[in-house]
1. In the P(r) worked out for the range 283-338, what percent of Cα pairs fall beyond 18 Å?
2. Rounding to the nearest 10 and keeping the result within 0 to 90°, find how far the Cα-based axis of helix 7-17 lies from the longest principal axis of the chain.
3. Please compute the modelled spin-label separation between residue 129 and residue 355, points set 7 Å along Cα→Cβ, answer in nm with one decimal.
4. Can you tell me what percent of all Cα-Cα pairs in the range 224-294 are more than 19 Å apart?
5. How big is the Kirkwood radius of the range 168-298, worked out from every pair of different alpha carbons and given in Å to one decimal?
6. Less than 12 Å apart at the alpha-carbon level, and either on another chain or at least 8 residues along: which aspartates and glutamates does that give for residue 157?
7. So which aspartates and glutamates pass the test for residue 98, namely a Cα distance under 17 Å, with those fewer than 8 places away in the same chain ruled out?
8. Could you please state how large a percent of the accessible area of the range 66-183 is carbon and sulfur, counting protein chains only and using a 1.4 Å probe?
Amino acid sequence: MENALTAESIVSSLGSDAAIEGNGDYLVLDHLFKAFDERETDPAYAVKDVSLNVAAGEMVTLLGPSGCGKTTTLRMVAGFESPTAGSILMEGQDVTQKPANRRKIGMVFQSYALFPHLDVGSNVEYGLRVRGVPSAERRTRVESMLELVGLDGSASKMPSQLSGGQQQRVSLARAIVTEPHVLLFDEPLSNLDVNLRTYMREQIREIQQRVGITSIYVTHDRQEAMSVSDRIAVLRDGTLQQVGSGFEIYNQPQNRFVAEFMGSASFLDGVVVEKTGDSFGVRIEDSVASIRRNDVRADVGDVVTCVFRPESWAVNDAGSFTGEVLRSTFYGPCVEYSVQIAGQQVVVEDYEANEHGVTQVGDSISLSVKPGGVGALEKTGSGLVSR
């Protein structure tokens, strides 16, 4: 067939049609609010003043615990919920009041939402049929989509004959085949086992990048968020806490909630004794560590809280910090310790235990801070005299 669509041509067409020229904002959430009960005079809010810009072709993940407002935000973008206040723009056009079927949205659901009585091909074809696409074109586009998601030759199978990962790929193909301008993912991997989730998030990221569709992904899993996202938006209690790349949010959290949600974190207070370039010299007990300043404004003599990741520490005899091991757990690649320092507990991951051995519970351990591995989180006091 001379004009037959292929997986590559589908990707090419989506990459040009679904993305605006340049790197401008394709999707804009402008001060969105969503009240639980709008009839109340002082309602509680599921979403409170969320503003977020998503560039053309970008994958942004809404990350946070259950009840933080991420799914409600996604449903407002999809048109399934109406904002109490605020607006949603796509390609510069206000779509806040547009119904879902007029927003050019594709959605991949947590439950797959496949029709159990239809075969794979008919499931993928369904949206095209509703839109009145001619049958010959429907067949060609379905074949191309199944090839794109690695399920070519599976059109005649029933959903019950597929694994969970295969069913999710059918759901993805169905969402993409209609050539949406924005693709939404509502915790699509939560029903899969750990190994399959790891595989599928790689597949989703690869396909999203090939197709180039502007996407919003919802999850409560930080590793999933970091593996699929260009940027991550962390939410808590309906409010936006921080937006940035996975690297930025992990290494430069703006508050304690973000620091703890993005991974194991320990917090120690110390006095600033020196300011040099982008770093503080911070005295914690009788030792001084070099700490990234991040966005914290503090002067010599001020108290700052520092956030330490388990990998921020090095175990060595020349370490400037000494603590007592409260817990020692062998994990194969590393030994994880819980160590009491300055009356506070920190978590330490030692990847060199094969060289210097394992320190036992109750023993003393010497630690040093790796360069660049720690950041200041907030200023907590001032006017203290350094020793």
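The values are calculated or read from the model by the stated rules, or taken from the named source; none is laboratory data. Owing to the predicted nature of the structure, the values given are computational and were not obtained by experimental measurement. Cβ coordinates were reconstructed from backbone atoms using ideal geometry, including for glycine residues, and neighbour counts include every protein chain displayed. For the accessible areas, the whole protein counts, side chains as well, though only heavy atoms, and no ligand, DNA or RNA atoms are used. Shrake-Rupley method; radii C 1.70, N 1.55, O 1.52, S 1.80 Å.
1. Working: 718 of 1540 pairs.
Tail fraction, whole percent: 47.
2. 80 degrees
3. 6.4 nm
4. Across the range 224-294, Cα pairs with separations above 19 Å total 45 percent.
5. After inverting the pairwise mean of 1/r, the radius is 17.4 Å.
6. 119
7. Counting by Cα, and skipping residues close in sequence, residue 98 has these aspartates and glutamates nearby: 30, 81.
8. Carbon with sulfur: 45 percent of the solvent-accessible area.
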